[in-house]
Amino acid sequence: MVVRRSRAAGRDPGKNSPLFIIERAKNANAVHYDARITADGKLDAKQPVIAYWVMLAKNGRWEELSWIEKKKAYGFNIKPNPSVNGYKMTVVVSPPQRQIAVKKGGGGCRLRAELVIGGRPAVFEKMYIKASGGLMGPKVHYLELYEKNLQTGNKCFEKILPK
């Protein structure tokens, strides 16, 4: 499938590096998170990560997140963090106390998102959210995290039930 970009989204794929996605049970639309890269190959200090919809259920166009989506579900906080030689990021919908490290990979070439799963660092690839609608907003039934273990290269998975 060819992904078409809306002009409103203003994306320049030559200056972005995909990090991870969030998929939902509701439909095929997914939120994509990309690292912004400067001309010299470094993370853009002004806007190191961007998030946007890829509307696969509606012809594949890209759309901006709405204000409410940024505040209540798919938005994020990101800050420089010298201990990871990059940035620490927290997505609103993420499990509590889970920070994502955004940095250059082992060989220093590709940008990636890292998350600790089972006590070990892994490359974070995808989150799947199973939720249903409700009067007070969606009720999250569970989250699934999909990653690749940095030590073994094996795919790993964690299912998180809300408390």
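Taking the listed residues Lys79, Lys148, the one that is surrounded by 13 or more Cβ atoms within 10 Å (Cβ to Cβ) and assigned to a strand (DSSP E or B) is Lys148, with no other qualifying.
Residue-level check: of (1) surrounded by 11 or more Cβ atoms within 10 Å (Cβ to Cβ); (2) outside any strand (DSSP E or B), Phe157 misses just (2).
Could you say which residue among Ile68, Ile37, Ile117 is under 19 Å from Glu144 (Cα atoms), of a type in the set (Val, Ile, Thr) and either touching a strand residue (DSSP E or B) at 6+ places or on another chain (Cβ under 8 Å) or at pLDDT 85 or above (or both)? Write out each step before concluding.
Working: Ile68 fails: under 19 Å from Glu144 (Cα atoms); Ile37 fails: under 19 Å from Glu144 (Cα atoms).
The conditions single out Ile117.
Beta carbons closer than 8 Å, at least 6 apart along the sequence or on distinct chains, pair a first residue in region 109-134 that is farther than 15 Å from Gly86 by Cα with a second that is among the small types (Gly, Ala, Ser) and surrounded by fewer than 18 Cβ atoms within 10 Å (Cβ to Cβ) for Tyr128/Ala25; Ile129/Ala25; Lys130/Ala25; Ala131/Ala25.
For Leu111, indicate whether it is hydrophobic (A, V, I, L, M, F, W, C), under 13 Å from the mean Cα position of the chain (by Cα) and modelled with pLDDT under 90. Here the answer is yes, as Leu111 does meet what is asked. Checked against (1) over 24 Å from Ser132 (Cα atoms); (2) under 15 Å from the mean Cα position of the chain (by Cα), Lys46 passes all but condition (2). Look at Pro82 and say whether it is closer than 23 Å to Ser17 by Cβ, of a type outside the set (Phe, Trp, Tyr) and without any contact (Cβ under 8 Å) to a residue 12 or more places away in the chain. So Pro82 passes the test.
Residues in region 32-61 that are of a type outside the set (Ser, Thr, Tyr) and part of a loop (DSSP other than H, G, I, E, B): 11 in all. Residues of region 123-135 include none that is at negative phi, surrounded by 11 or more Cβ atoms within 10 Å (Cβ to Cβ), at pLDDT below 90 and in a loop (DSSP other than H, G, I, E, B).
Among residues of region 35-74 being of a type in the set (Lys, Arg) and within 22 Å of Ala101 (Cα to Cα), the one that is surrounded by the fewest Cβ atoms within 10 Å (Cβ to Cβ) is Lys46. Only one of Gly105, Gly86 is within 20 Å of Leu150 (Cα to Cα), buried (at least 19 other Cβ atoms within 10 Å of the Cβ) and not basic (Lys, Arg); which? Only one candidate passes the filter, namely Gly86.
The values are calculated or read from the model by the stated rules, or taken from the named source; none is laboratory data. Computed from a prediction, not measured in an experiment: that's the story for all the values here. Cβ atoms come from the backbone with ideal geometry, glycine included; neighbour counts cover every protein chain shown.
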